[in-house]
Amino acid sequence: MGAMATETGCNLDSGSQKAGAWKLPGQRMLSPERLALPDYEYLAQRHVLTYMEDAVCQLLENREDIGQYGIARFFTEYFTSVCQGTHILFREFSFIQATPHNRASFLRAFWRCFRTVGKNGDLLTMREYHCLLQLLCPDFPLELTQKAARIVLMDDAMDCLMSFSDFLFAFQIQFYYSEFLDSVAAIYQDLLSGKNPNTVIVPTSSSGQHRQRPALGDAGMLDGVEASLFYQRLENLCDRHKYSCPPPALVREILSNVQRLTFYGFLVALSKHHGINQALGALPDKGDLMHDPAMDEELERLVVRSRLYRTPRQHRGKEPGAFDFQRRDKLEALERVPSALAPTPNPFRWEPRE
């Protein structure tokens, strides 16, 4: 079973490399590190058991429909969707946040689905961005959206408008490193209040149990804390958060450039850091955020097709067969356009689990 994710060609690694990236089907990943790991440790690091459990639950819930297609095809379809990152669409929040790969896949799906918001220059409120998130995950918690918006808005009111790129990169940090940031908030509060630096910070995995973050108007927020002491505490935290924190070297780079900083100043620096975005691997660089050639080709293809079928009768060719010839010519051209987003035939529909 340890080689299952490898055989499907899917990279579920959540280490310091590109955690959100996946390999193309057919590529093998039997690295020396993989061979050196015990099977149980490999399964835990790659969260293979999480996907196996979910696949079995989906199999049981859809057994009547799956019976006519076969179990082997079902598992093939399921793990293909995991590799492609489409397995998180319209799923419950508990599943979306279950693994680093799921989180990275959701970030990428959100970017690709709503990139046109940024491309058109539209500015939205926090509530409007939350509605977009709920289109992909109906039970997505408002609290996480509010925390992401706070990174952008700082002292401004929560109903202020935000650009798509500003919100997206703040949301990426808040969503992917959620438990880590809650622990960072606790450390920051302890440093402000002068508590014992040896206090153990226990991270939580439930979004409903996050600790209250420092309020922007609290005393000491303007001055912040000493950056070197803050880093010492975060370095110890990163050792415990092996698969859910930014690379320690990049955290050190951020903190080495200042003498003191505030909690939200640290979050803003994380969200704008090019290296951290690359290490996470879910989103392109900010300069390429509005460019997605595969999606553009697919959208253009759909627009052309819709125009073909909506052509008014008065605009059709006067000579018999003239319009039919033009339409056939365009359709042949469309067939030559590669579509990276063409869905894989999938007879099964994954429904949210109760």
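The values are calculated or read from the model by the stated rules, or taken from the named source; none is laboratory data. Quick caveat, the model's predicted, so the values are computed rather than measured. Please note: Cβ atoms are built from the backbone with ideal geometry, for glycine as well, and neighbour counts cover all protein chains shown. SASA here: full protein model, heavy atoms, side chains in, ligands and nucleic acids out. Shrake-Rupley method; radii C 1.70, N 1.55, O 1.52, S 1.80 Å.
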Exercise. Out of all the residues in segment 212-225, is one or more surrounded by 17 or more Cβ atoms within 10 Å (Cβ to Cβ), modelled with pLDDT of 50 or more, closer than 16 Å to PRO141 by Cβ and charged (D, E, K, R)?
Worked result: yes
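Looking at segment 49-65, which of the residues that are among the hydrophobic types (A, V, I, L, M, F, W, C) and closer than 21 Å to PRO100 by Cα is most open to solvent (accessible area, probe 1.4 Å)?
LEU49
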Exercise. Failed condition for HIS274, given (1) surrounded by 14 or more Cβ atoms within 10 Å (Cβ to Cβ); (2) modelled with pLDDT of 80 or more, with all others met?
Worked result: (1)
Problem set entry | Residues within segment 258-271 that are within 27 Å of LEU144 (Cβ to Cβ) and either open to solvent by 70 Å² or more (accessible area, probe 1.4 Å) or hydroxyl-bearing (Ser, Thr, Tyr) (or both), tallied | 3
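Limited to segment 66-93, what total is found for residues that are in contact with a helix residue (DSSP H, G or I) (Cβ under 9 Å, 6 or more places away or on another chain), among the hydroxyl-bearing types (Ser, Thr, Tyr), under 20 Å from ARG46 (Cβ atoms) and open to solvent by 50 Å² or more (accessible area, probe 1.4 Å)?
1
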Exercise. What is the one condition in (1) surrounded by 14 or more Cβ atoms within 10 Å (Cβ to Cβ); (2) modelled with pLDDT of 90 or more; (3) more than 24 Å from LEU136 (Cα to Cα) that LEU43 does not satisfy?
Worked result: (2)
